[in-house]
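Notes for the one structure printed next.
Bear in mind that the values in this text are calculations on the coordinates, not laboratory data. Worth saying up front: this structure is predicted, and the values here are computed from it rather than measured. Positions of Cβ are generated from backbone atoms using ideal geometry, with glycine treated the same way; all protein chains shown enter the neighbour counts.
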Amino acid sequence: MTAATTDRTRWLALYVLCAGVLMIVLDATVVNVALPSIQDDLGFSQTSLAWVVNAYLIAFGGLLLLGGRIGDLVGHRRIFLIGLTVFTAASLLCALSQTQGMLIAARFVQGIGGALASAVVLGMIMMMFPEPREQAKAIGVYGFVASAGGSIGLLLGGVLTESISWHWIFFINVPIGVAAGLLARRLVAARPGLGLGAGADLPGAGLMTSGLMIGVYAILQVSEKGWTSGEVLGLGALSLVLVTAFVLRQARVANPLMPLRLFRSRNVAGANLVLILLVVGMFGMFFLGALYLQRILGYDPLEVGLAFLPGTIVMGAMSLYLSGPVTMRFGAKRVLVVCLAAMGGAMLLFARTPVDGNYVVDLLPIMLLFGFGAGLSFPSLMQLAMSGAAPSDMGLASGLVNTSPQVGGAVGLAVLATIASDRTDALLSNGHSAMSALNGGFHTAYLVGAALVVVAIATAIALLEPVAHPAMAGAHAPAQAGEPAYSEA
């Protein structure tokens, strides 16, 4: 096989991996757009309808870290293919569901498959593209999929739900999943893992997975029961106890499931903290922004998707064409700080949108500014987050990068929705009109989101370290004492 053929195969493999991830990323927003149709068809109550989303999020958020580490132990490609198969089969069950229970159960299984498949992809990309310039470009492609997939899902969900039926938001996953699986088997090289003996800590796996699942469930109950309810506080405390017990166990066992050495890297710890803060703020942009368009400006689901499309196009152009060269020229940390400022500015502009807003004047500039910031910041964050990971920890680091936005998103939705609702109630009691009060609540949430981005900027400046070769500082580092070497096929 010639060098040109090998290089072409690597890039084709990247596109196949990203296609699988895009299908999983799209799923969340596609389902959100279709929820009213699902409720009418299957007779969900407003409370039970939330489980169509929650069942998926609990499984997905709870298994990402475990999925990434299992990939390190048994092989990344194997876990990706298993996850993709489970996700595709569960999508078919979702599409065929005729009862509430069947759909909720299938969504939980879908979350398991999505977690396993997406947890290992970034680590696979880092190993496939060890040369810094190529890796920066490859991460730009992945960054676009990870960051822009949600807004693409708004458009796709509106089209499928309105033109056919909600069942097709799941049916469409089946041919994509089958094709991605077959192509991945052919194009993606299989690399052996470390072996289960390097981290077969079953009690630790149970502590971590149950702790994360309970924590996600507790956060999801906030919007219904409030932050001070006994159930939320009790489950939150239980989650904290389980996760703390897991961390303490990892410091003692000979072959930990999650080696704590990973978190000694300032870039790994700092980039994931920045990612959590950023995603909390972003939920004000995507979810409350979509509510503003629907409930105040009267947009239908398809129009909401089209409204976000210009920002998605800019995001794609930045991620795919500029993120690699810009990061190589100025360094990931500098690019990240500038782009975080742009995203914070977009959130501040959203806090001045009027009740009778005009799209071209009041919204389009915000979408473009946000797309610019997100398109360059996410690839930079991913490079920094992976730069401190040794080859033997690539799957774990990849799972962590995927877990951070899940935690940030769940917390962000609960916090910002509560803040917006409380502010709206206060304005209504002071005599404001319903639309003005609702918009005022959104504005307060946007301001909180912008403040969190400011904290993220300060965190990035204080914690993150410039990397000489920003795309790959840790992957070529020698294994630390006592750390098993990663075996390449």
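Pairing the Cα long axis of helix 394-429 with the longest principal axis of the chain, what angle in degrees results, from 0 to 90 and rounded to the nearest 10?
Approximately 10 degrees, to the nearest ten.
As I understand it, the value is the acute angle between the Cα axis of helix 364-387 and the longest principal axis of the Cα atoms of the chain; what does it come to in degrees, rounded to 10?
Taking Cα atoms only, the helix is inclined about 30 degrees.
Go through 177-189, 271-283 and give me the packing order, highest mean Cβ count within 10 Å leading. Provide the component values of the computation, followed by the final result.
Details: 177-189: 17.3, 271-283: 25.5.
Ranked from most to least packed, the peptides come out as 271-283, 177-189.
Using θ = phi - 60° and the Karplus relation 6.51 cos²θ - 1.76 cosθ + 1.60, list the HN-Hα couplings for the stretch 81-87 in order, rounded to whole Hz, with x at every Gly or Pro.
Computed from phi, the couplings for the stretch 81-87 are 5, 4, x, 5, 5, 5, 4 Hz.
If you fit an axis through the alpha-carbon atoms of helix 266-283 and take the longest principal axis of the Cα set of the chain, what angle between them do you get, 0 to 90°, nearest 10?
Helix 266-283 sits at roughly 20 degrees to that axis.
Counting helices only, and only those DSSP H runs with n ≥ 4, report the 222 nm mean residue ellipticity of the chain as the sum of -39,500 (n - 2.57) divided by its residues, in deg cm²/dmol to the nearest 500.
On the way: 18 runs with 365 residues, N = 489.
Computed mean residue ellipticity for the chain: -25500 deg cm²/dmol.
So how do 31-40, 291-300 stack up, highest first, on mean other-Cβ count within 10 Å?
Details: 31-40: 18.9, 291-300: 17.0.
The densest-packed peptide leads the list: 31-40, 291-300.
Which value, in nm² and rounded to one decimal, describes the direction-averaged projected area of the C-alpha convex hull of the stretch 201-254? Display every interim value, and only then the final one.
Values: hull surface 13.4 nm².
Average of the hull's projected areas for the stretch 201-254 equals 3.4 nm².
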